[in-house]
Amino acid sequence: MTHEVVVVGSVNADLVVSVDRRPDPGETVLGSDLATYPGGKGANQAVAAARLGARTAIVARIGDDAHGGLLRDALSSAGVDLAGLLVTEGPSGVALITVGPDGDNSIIVSPGANARLLPADLDPGLLSAAVVSFQLEIPIPTVVAAAKQASDTGARVVLNLSPATAVPDELLALCDPLVVNEHEAAFLLDAEDDAAAMAAALLERGPRSVVITLGADGALTADSAGVTTVPSPKVEAVDTTGAGDAFTAALCLRLARGDALPDAARYATRVGAAAVRRPGAQSSYPSADDDLPA
Ligand code: ADP
């Protein structure tokens, strides 16, 4: 088995401008200089896992535009295996982000090449790993097909249901774990409740295990062995962008190395907490020899 973690997912260029206020329809406002960062949930997870020392590969599509080069370089310098990174004629995925005066983000995602990652692109040889990790910024049929193939090769399937999107029961049944924040849990269940109750209700939908992330409060895990609450280290949060992706990547790494789910989640909350101490997504991720908050 060559890889510990294979991430099947999105790669985006995040284009960020700060504004004093957002324009009304038909209006123009001036903003800050444009900042361009590598992002996308799939790329974030792959970079986070590789930086923590996991043998990591990504299955994704970028465009043949200038952003594609930046995105490839970010993955490659983190040490991600790019054999499954395909190039499409046309634009890469882009997230157009305006940051308001209170630090609030408004985001438009243009999927670009991510929308063209199709089931026919999948190579079962690239989906053989200890853990194969998914999010929902690529077409759902591709996620379903790849999760089935990964499961057939004996890989453990991890799905972060983000952005919150309806998925078929056959996909939920493959998840071990399904990773959601409280909003995504409430979306799937169509009801809000406390985290332990939502985890129990989610388990009934078919996944073998569930992890609910709770921001500064850490996470909760649930499987047939029971429910475990995992507190987060206390840190000063500077920017929570991409913290969920770092959490999931760290979880995948530890599951790939044989940890029980609560132990993997304990490590993941430390990595998630490390990621909120610094600005940005990929730029905030710790490496294996960094001291993690305890
Ligand atoms: P998402 O970012 O996907 O909405 P959460 O807000 O639940 O998910 O955050 C994911 C993980 O990031 C948490 O489980 C935790 O490990 C870490 N995290 C997020 N916010 C904080 C915070 N303020 N302090 C410490 N850790 C945090």
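The values are calculated or read from the model by the stated rules, or taken from the named source; none is laboratory data. Quick caveat: nothing in here was measured; it's all calculated off a predicted structure. So basically every Cβ, Gly included, is an ideal-geometry build from the backbone, and we count neighbours across all protein chains shown. The accessibility values were calculated without ligands, DNA or RNA, using every heavy atom of the protein model including side chains. Shrake-Rupley method; radii C 1.70, N 1.55, O 1.52, S 1.80 Å.
Of the beta bridges DSSP finds with both residues in the chain, what % are antiparallel, to the nearest 5?
Details: 20 of 53 bridges.
Once the DSSP bridges in the chain are tallied, antiparallel ones form about 40 percent.
If you plug each phi of the range 16-33 into the Karplus form 6.51 cos²θ - 1.76 cosθ + 1.60 with θ = phi - 60°, what whole-Hz ³J(HN,Hα) values come out, in order, with x for Gly and Pro?
Whole-Hz 3J(HN,Hα) from phi for the range 16-33: 10, 10, 8, 9, 6, 8, 7, x, 6, x, x, 10, 10, 10, 8, x, 6, 4.
Within 10 Å, at most 15 other Cβ atoms, and a DSSP state outside H, G, I, E, B define an exposed site. Report the longest part of the chain free of exposed GluC sites (Glu not before Pro).
Working: sites that count: Glu27, Glu89, Glu192, Glu204, Glu236.
No qualifying site falls inside 90-191, the longest such stretch.
Quick one: grab the alpha carbon gyration tensor of the chain, order the square roots of its eigenvalues as a ≥ b ≥ c, and give me rounded if a/c is under 1.5, else prolate or oblate depending on whether a/b is larger than b/c.
It is rounded, given that a/c, with a ≥ b ≥ c, falls under 1.5.
Counting Lys +1, Arg +1, Asp -1, Glu -1, what net charge surrounds Ala54 among other residues with beta carbon under 12 Å of its beta carbon? Please list the in-between numbers first.
Values: positive: Arg51, Arg55, Arg254, Arg257; negative: Glu4, Asp81.
For residues surrounding Ala54, the net value is +2.
Which residue fluctuates the most in the chain, going by a Gaussian network model with Cα springs under 10 Å, if the choices are Thr269, Thr165, Thr213?
In the Gaussian network model the winner is Thr165.
Given a 10 angstrom Cα cut-off, can you work out which residue in Ala57, Ala186, Ala243 is the most mobile in a GNM of the chain?
For the chain, modelled as a Gaussian network with Cα springs under 10 Å, the answer is Ala186.
Roughly speaking, to the nearest percent, how much of the range 114-265's 1.4 Å accessible area is carbon and sulfur? It would help to have the intermediate numbers written out before the result.
Numbers: 3100 of 6180 Å².
On the range 114-265, the fraction of accessible area on carbon and sulfur atoms equals 50 percent.
Could you calculate the FRET efficiency of Ala164 with Val29 from 1/(1 + (r/R0)^6), where r is the beta carbon distance between them and R0 is 45 Å, rounded to 0.05?
Details: r = 30 Å, r/R0 = 0.67.
Computed FRET efficiency for Ala164 and Val29: 0.90.
Once the dipole of the chain is set up with Lys and Arg at +1 and Asp and Glu at -1 on Cβ about the Cα centre, which of Gly206, Ala195, Val80 lies farthest towards its positive end?
Val80
When only alpha-carbon atoms are used, what values of Rg and Dmax, in angstrom, describe the range 150-247?
13.4, 42
Charges at C-beta only: +1 for Lys and Arg, -1 for Asp and Glu. How large is the resulting dipole of the chain about its Cα centre, in Debye rounded to 20? All intermediate terms of the calculation are to be shown ahead of the outcome.
Numbers: 19 positive and 37 negative charges, 144 e Å.
Roughly 700 debye for the chain.
Between the range 34-61 and the range 244-277, what is the separation of their alpha carbon centroids in Å?
Their Cα centres are 15 Å away from one another.
So, counting K/R as plus one and D/E as minus one, what does the shell of residues with Cβ under 12 Å around Pro233 add up to?
+1
Which of the trypsin sites (Lys or Arg not before Pro) across the range 203-293 are loop residues per DSSP, with 16 or fewer other Cβ within 10 Å?
Arg205, Lys234, Arg257, Arg277
Measuring with a 1.4 Å probe in the full set of protein chains, what accessible area per residue, in whole Å², belongs to the chain? Don't skip to the answer; put the middle values down first.
Working: 12590 Å² over 294 residues.
Each residue of the chain exposes 43 Å² on average to a 1.4 Å probe.
What number, in percent, do you get for the relative contact order of the chain if the mean sequence gap of Cα pairs under 8 Å and at least 6 apart is divided by its residue count?
Values: 712 pairs, mean separation 49.4, N = 294.
Normalised by residue count, the contact order of the chain is 17 percent.
Taking the Cα centre of the range 1-109 as origin, sum charge times position over the Cβ atoms of Lys and Arg (+1) and Asp and Glu (-1), and report the length of that vector in debye to the nearest 20. Write out the running numbers ahead of the final one.
On the way: 7 positive and 13 negative charges, 89 e Å.
Result for the range 1-109 is approximately 420 debye, rounded to the nearest 20.
Where both residues lie in the range 84-200, what percent of DSSP beta bridges are antiparallel, nearest 5? Mind dumping the intermediate values first?
Values: 6 of 13 bridges.
Once the DSSP bridges in the range 84-200 are tallied, antiparallel ones form about 45 percent.
Would you mind telling me the share, in percent, of accessible area of the range 1-74 contributed by carbon and sulfur at probe 1.4 angstrom?
Carbon and sulfur: 52 percent of the exposed surface of the range 1-74.
What is the spin-label model distance, in nm, from Asp123 to Asp194 if the labels are put 7 Å beyond Cα along the C-beta direction?
5.0
Using the Cβ atoms and a cut-off under 10 Å, what net charge is assigned to the surroundings of Val94, where Lys and Arg are +1 and Asp and Glu are -1? Present the calculation step by step, with values, prior to reporting the outcome.
Values: positive: none; negative: Asp14, Asp65.
So the surrounding residues net to -2.
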